[in-house]
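A short reminder: the numbers here are calculations on the coordinates, not readings from a lab. Treat the numbers as computed from the prediction; the structure is a model and nothing was measured. Counting neighbours? That spans all protein chains shown, and the Cβs are built from the backbone with ideal geometry, glycine included.
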Amino acid sequence: MPTARGRWRPHVHPACPKALHGWLTLESSLTAQLRAHGSPFRVQRLKQRNEPCLADEAAAIGQHHRFARVREVLLHCGGKPVVFAHTVVPLASMADWPTFGALGERSLGELLFGDRQVARGRSQFARLDGRHPLVRRLRAALPAERIESRLHARRRLFQRKNGLMLVTEVFLPGIINLQKLTEQ
């Protein structure tokens, strides 16, 4: 699959910096880890609306789910953006995620890790270049930031009842400056 669409693998890309590897493979809540640093943590909602999902997302959630509710946020820690998160919920799945539409600037991690009805799939990893739509959106959201030409990302499929949700997190260089805490 072309890089511009994202080549998702079951393992971290070999070029991943060692300091980032722990963040990418974190199994517990990323939000909880970021909050545990003691630095101010903030969710900045960029958008939440119905729109077509990306081709590789449609394949991950089922080809018949071309239109979805899409939410994009920046996670800030210590006043710096460290993660760009992109969430896709097929419109047919919205009833199974009743609080998703009302998250606002609250963390999605609290919903996913605080609900016993949520089943988590396995993580997939990619190294996205500047042609990938998520990297282009990230650059548009942070025009003053110098965004690297290749960013590491992970995604995971979640299920609640019959509803699917695909969460993709693109890690910004600033996260490397944060020391990963132990698993919670």
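Before moving on, here are some points about what is shown:
- One decimal place: the segment A92-R42 gains 15.0 nm when fully extended, by the rule 0.36 nm per residue minus the C-alpha distance.
- Checking every one of the trypsin sites (Lys or Arg not before Pro) in region 116-155 against DSSP loop status and a limit of 16 other Cβ atoms within 10 Å picks out R116, R122, R131, R146.
- Ranking G130, A68, H37 by how far each Cα lies toward the positive end of the dipole of region 1-132 (charges on Cβ) leaves G130 at the top.
- Region 83-184, Rg to Rh (Cα coordinates; Rh as Kirkwood inverse mean 1/r): 0.99
- The Cβ shell under 15 Å around V70 holds other residues with a net charge of +4, Lys and Arg each +1, Asp and Glu each -1.
- With 5 Å bins from 0: P(r) over region 60-125, alpha-carbon pairs, percent: 3, 13, 23, 26, 21, 10, 4, 1, 0
- Computed FRET value (nearest 0.05) for A19 with A144, which takes r as the C-beta separation and R₀ as 22 Å: 0.35
- Estimated [θ] at 222 nm from DSSP helical runs (n ≥ 4, -39500 (n - 2.57)) normalised by residues in the chain, nearest 500: -5000 deg cm²/dmol
- Alpha-carbon Debye profile of the chain, log10 I(q)/I(0) at 0.08, 0.16, 0.17 Å⁻¹: -0.22, -1.00, -1.15
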